[in-house]
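Visitor: Shown below is the structure under consideration.
The values are calculated or read from the model by the stated rules, or taken from the named source; none is laboratory data. What you are looking at is a predicted structure, and each value in this text was computed from that prediction instead of being measured. Here the Cβ positions follow ideal geometry from the backbone for every residue, glycine too, while neighbour counts run over all protein chains shown.
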Ligand code: APR
């Protein structure tokens, strides 16, 4: 499906309608991609996030993008990997689904995802990639309004996993 792209890049530089942030439940910033997005967006992003009263795991909330080149930031909270018996796979799928639902509602046509939960939250990368690709593909089949989804991978391991899985699709 040529509406799905892979780019090994810092997501904060992407000129898409919306970038997705792998946030924590407080939505008050953190390390990893969350830290990078807040640093690049500037203090206005945190101000807006403060008014959102957090976000549950698997859910998503949308804000402006401030100094980022994108128009919006969709903040979602992936699950912490805890062995796989605490609905982690379902919650990760929800994080992708709910981010895409929000994008659709906001007339967003191009969106970029980081590899949610595969950093600090320790989700196995291949399992996470399979879930991400499955959710994005099924959503795009139902919603032609979304023109493109970019997986903004950051490390070599994720790059190779996504390349391999997307060739098979
Ligand atoms: N652009 C794209 N991807 C990035 C960037 C970046 N600038 N920085 C990090 N990444 C990648 C990581 O390499 C990893 O593959 O994003 C993926 C997600 O890793 P984390 O940012 O650690 O996110 P996650 O595993 O979901 O953990 C979320 O970490 O930063 C805190 O506040 C955040 O508590 C939350 C937790």
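Visitor: In the range 66-84, which residues are more than 22 Å from residue 140 (Cβ to Cβ) and within 15 Å of the ligand (Cβ to nearest atom)?
Guide: Residues satisfying the conditions are 67, 68, 69, 77, 79, 80, 81, 82.
Visitor: Need the failing condition index for residue 33 against (1) closer than 25 Å to residue 157 by Cβ; (2) without any contact (Cβ under 8 Å) to a residue 60 or more places away in the chain; (3) assigned to a helix (DSSP H, G or I), just the number.
Guide: Looking at each condition in turn, residue 33 falls short on (2).
Visitor: Name the single residue that is nearest to residue 71 (Cα to Cα) among those in the range 7-29 being surrounded by fewer than 23 Cβ atoms within 10 Å (Cβ to Cβ), within 12 Å of the ligand (Cβ to nearest atom) and touching a residue at least 60 places away in the same chain (Cβ under 8 Å).
Guide: The extreme case among them is 14.
Visitor: Could you please find all residues in the range 137-153 being closer than 21 Å to residue 15 by Cα and either in a loop (DSSP other than H, G, I, E, B) or within 16 Å of the ligand (Cβ to nearest atom) (or both)? Full working, then the answer.
Guide: Just the residues of the range 137-153 that are closer than 21 Å to residue 15 by Cα, to begin with: 140, 144-153.
Within the range 137-153, 144, 145, 146, 147, 149, 150, 151, 152, 153 meet the criteria.
Visitor: Same structure again: Which residue, of 105, 97, 87, is more than 20 Å from residue 36 (Cβ to Cβ), away from the ligand (no atom under 15 Å from the Cβ) and within 11 Å of the chain's Cα centre (by Cα)? Break it down into steps so the answer makes sense when it comes.
Guide: Details: 105 fails: within 11 Å of the chain's Cα centre (by Cα); 87 fails: within 11 Å of the chain's Cα centre (by Cα).
Of the residues listed, the single one that is more than 20 Å from residue 36 (Cβ to Cβ), away from the ligand (no atom under 15 Å from the Cβ) and within 11 Å of the chain's Cα centre (by Cα) is 97.
Visitor: Let me ask you something else. Kindly establish whether residue 7 is under 27 Å from residue 166 (Cβ atoms) and assigned to a strand (DSSP E or B).
Guide: Numbers: under 27 Å from residue 166 (Cβ atoms): yes; assigned to a strand (DSSP E or B): yes.
When the stated conditions are applied, residue 7 passes them.
Visitor: Could you tell me whether the range 81-101 includes any residue that is out of contact with any strand residue (DSSP E or B) (no Cβ under 9 Å at 6 or more places or on another chain), modelled with pLDDT of 95 or more, part of a loop (DSSP other than H, G, I, E, B) and within 18 Å of residue 158 (Cα to Cα)?
Guide: Within the range 81-101, one or more residues are out of contact with any strand residue (DSSP E or B) (no Cβ under 9 Å at 6 or more places or on another chain), modelled with pLDDT of 95 or more, part of a loop (DSSP other than H, G, I, E, B) and within 18 Å of residue 158 (Cα to Cα).
Visitor: Please go through the range 118-130 and give me each residue that is surrounded by 20 or more Cβ atoms within 10 Å (Cβ to Cβ) and either touching a strand residue (DSSP E or B) at 6+ places or on another chain (Cβ under 7 Å) or part of a helix (DSSP H, G or I) (or both), ordered by number.
Guide: As a first pass, look at the range 118-130 and keep what is surrounded by 20 or more Cβ atoms within 10 Å (Cβ to Cβ): 118, 121, 123, 128-129.
Within the range 118-130, 128, 129 qualify.
Visitor: Determine, yes or no, whether residue 54 is touching a helix residue (DSSP H, G or I) at 6+ places or on another chain (Cβ under 9 Å), part of a loop (DSSP other than H, G, I, E, B) and modelled with pLDDT of 95 or more. Before the answer, list the steps.
Guide: On the way: touching a helix residue (DSSP H, G or I) at 6+ places or on another chain (Cβ under 9 Å): no; part of a loop (DSSP other than H, G, I, E, B): yes; modelled with pLDDT of 95 or more: yes.
Criteria not met by residue 54.
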